[in-house]
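Here's the structure we're looking at; comments come further down.
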Amino acid sequence: MERALASADGDRSPGDALGRPLRDLRISVTDRCNFRCVYCMPKEVFGRDFQFLKREELLTFEEIARLARVFVACGVRKIRVTGGEPLVRRNVERLIEQLAGIDGLRDLTMTTNGSLLASKARTLREAGLHRVTVSLDSLEDDVFQAMNDVDFPVAQVLGGIEAAARAALTPVKVNMVVKRGGNEHSVLGMAGHFRGTGHVLRFIEYMDVGTTNGWRLEEVVPAAEIVRSIDALWPLEPVEPNYRGEVAGRYRYRDGAGEIGVIASVTQPFCRDCTRARLSADGRLYTCLFASRGHDLRSLLRGGARPVRLAGPRPQVSAPGGREGGRDRGAPHHHLDKADGPLLRAPHRRDASAAQGGDVADRGLARAHPTADPRGGFGSVSPTRSR
Ligand code: SF4
């Protein structure tokens, strides 16, 4: 276990072949959303006939919490609850309560489109949520509505942001996906609005989320261009990252009016320091935001696997050269690799890995039969939800 990393606070966490620890788990609680953002769930694909996951296919809150405990035991320190839109899953605050009670978890946050936040903020805070990130692509109704494609008004999202601030779900982060020819002209208006509020506005380069959004490179507004345009009006200076693996480049206003972030996932990929993995609503573990194949943890859970106490060396997270899913983007690929001690034990069950000489109990949690994601790229990533 030479590659295991000793973190700043002294605990030893599994690292992959590139020395990257797994710190940050995003958990999708639903594949549904009440918006149809053109870059994420375009109506032509996600129309009336689209087959979303059935209730029994979703992980239950208890299953999610159980897996979350395993990941925290492996070194995960931050959990982000995502969707789809997480607040459309009924009683999601009950899940928050369970997650908030996990020993060792330091940061529990949620990314939401803000549409239901005004009514939920206080309950979420009381359940133990630390903070929220809200997606908002423009302050202009016509632009925002053209992007969310369900005529949802800006004012209601702003109301949600303020409710979150009042409920102390802070600092509130606001994510804006910037698309050339779509909302790039809204950048300065958004920056001006959120300067001095204590909220952190983050600009995200428009990115390819699979096969559904017809992504073209010409539609990407590079982060450097965004920073330049803001700096010309309100001078900025760079700020050191908060921690290794932070995806947003940080800048602060020189006049003390707060800070912004830029997420340059297209022009400056941050794979080298990636510490993230994603658990989909149906229980697949994706070790890269761009992976189209996940590892089926739901089958392990429902097949009778049980958590065992970690003893001795921990399983490694490895990056075996960067190929995992159907779509290799040169992005990071964490694997929970062959374990010295299993995290989930399935005593009476053999699976695909048995053909390679061992059953699930002999191998690591996620080593068990990777399978194709039936829903393609969207199953693995959602642009604003994934941050
Ligand atoms: S980007 Fe967010 S709000 Fe928009 S459709 Fe996707 S999940 Fe829903």
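No lab work stands behind these numbers, since they all come straight from the coordinates. It should be emphasised that the depicted structure is a prediction, and the values quoted were computed from it without experimental measurement. Ideal geometry is used to build each Cβ from the backbone, glycine not excepted, and the neighbour counts take in all protein chains shown.
Taking 2.2 N^0.38 Å as the expected size of a compact globular protein, what ratio does the Cα radius of gyration of segment 35-125 give against it, to two decimals?
Values: Rg = 14.8 Å, N = 91, 2.2 N^0.38 = 12.2 Å.
Cα-based Rg divided by the globular estimate yields 1.21.
About the Cα centre, and with charges only on the beta carbon of Lys, Arg (+1) and Asp, Glu (-1), how big is the dipole of segment 104-226? Nearest 20 debye, please.
Working: 12 positive and 15 negative charges, 153 e Å.
For this selection, approximately 740 debye.
Near LYS54, which lysines are there with a Cα under 23 Å away, not counting those fewer than 8 places off in the same chain?
LYS43
List, in order, the whole-Hz ³J(HN,Hα) value for each residue of segment 103-111 obtained from phi through the Karplus relation with A = 6.51, B = -1.76, C = 1.60 and θ = phi - 60°; use x for Gly and Pro.
5, x, 7, 9, 9, 10, 9, 9, 9
Under the rule a/c < 1.5 gives rounded, and otherwise a/b versus b/c splits prolate from oblate, where does segment 66-118 land using the Cα gyration tensor? Each step should come with its number before you reach the end.
On the way: a/c = 2.41, a/b = 2.04, b/c = 1.18.
Because a/c hits 1.5 or more and a/b exceeds b/c, segment 66-118 counts as prolate.
If amide hydrogens are placed 1.01 Å from N in the peptide plane, which non-local residues have theirs closer than 5 Å to the one on ARG131?
Correct list: LEU108, MET110.
Hey, can you rank 215-222, 200-207, 95-102, 160-167 by average C-beta count inside 10 Å, highest first? Mind dumping the intermediate values first?
Details: 215-222: 15.4, 200-207: 23.6, 95-102: 18.4, 160-167: 20.6.
So the order, starting with the most tightly packed, is 200-207, 160-167, 95-102, 215-222.
What are the ³J(HN,Hα) values, in whole Hz, obtained from phi via the Karplus relation 6.51 cos²θ - 1.76 cosθ + 1.60 with θ = phi - 60°, for each residue of segment 226-239 in sequence order, with x given for Gly and Pro?
5, 4, 4, 5, 6, 4, 5, 9, 10, x, 10, 9, x, 10
Amide H of TYR286 versus every other amide H placed in the peptide plane: which residues, excluding those fewer than 5 positions away on the same chain, fall under 5 Å?
ARG278, LEU279, SER280, HIS295
Please tell me the relative contact order of segment 2-272 in percent, rounded to the nearest whole number, where contacts are Cα pairs under 8 Å and at least six residues apart. Before the final figure, lay out each step's value.
Values: 495 pairs, mean separation 39.7, N = 271.
RCO, segment 2-272: 15 percent.
Long-range amide H contacts for VAL220: which residues qualify at under 5 Å (H placed 1.01 Å from N, peptide plane, sequence gap of 5 or more or a different chain)?
Answer set, sorted by chain and number: ARG180.
So which trypsin sites (Lys or Arg not before Pro) in segment 66-149 pass both tests, a DSSP loop state and at most 11 other Cβ atoms within 10 Å of the Cβ?
On the way: sites: ARG66, ARG69, ARG77, LYS78, ARG80, ARG89, ARG90, ARG94, ARG106, LYS120, ARG122, ARG125, ARG131; in loops: ARG77, ARG89, ARG90, ARG106.
Those that pass, being in a loop and sparsely packed, are ARG90.
How large is ³J(HN,Hα), in whole Hz, for each residue of segment 16-28 in order, when computed from phi with the Karplus curve 6.51 cos²θ - 1.76 cosθ + 1.60 and θ = phi - 60°, using x for Gly and Pro?
Taking θ as phi minus 60°, the curve returns 8, 4, 9, x, 8, x, 9, 10, 10, 10, 9, 10, 8 Hz for segment 16-28.
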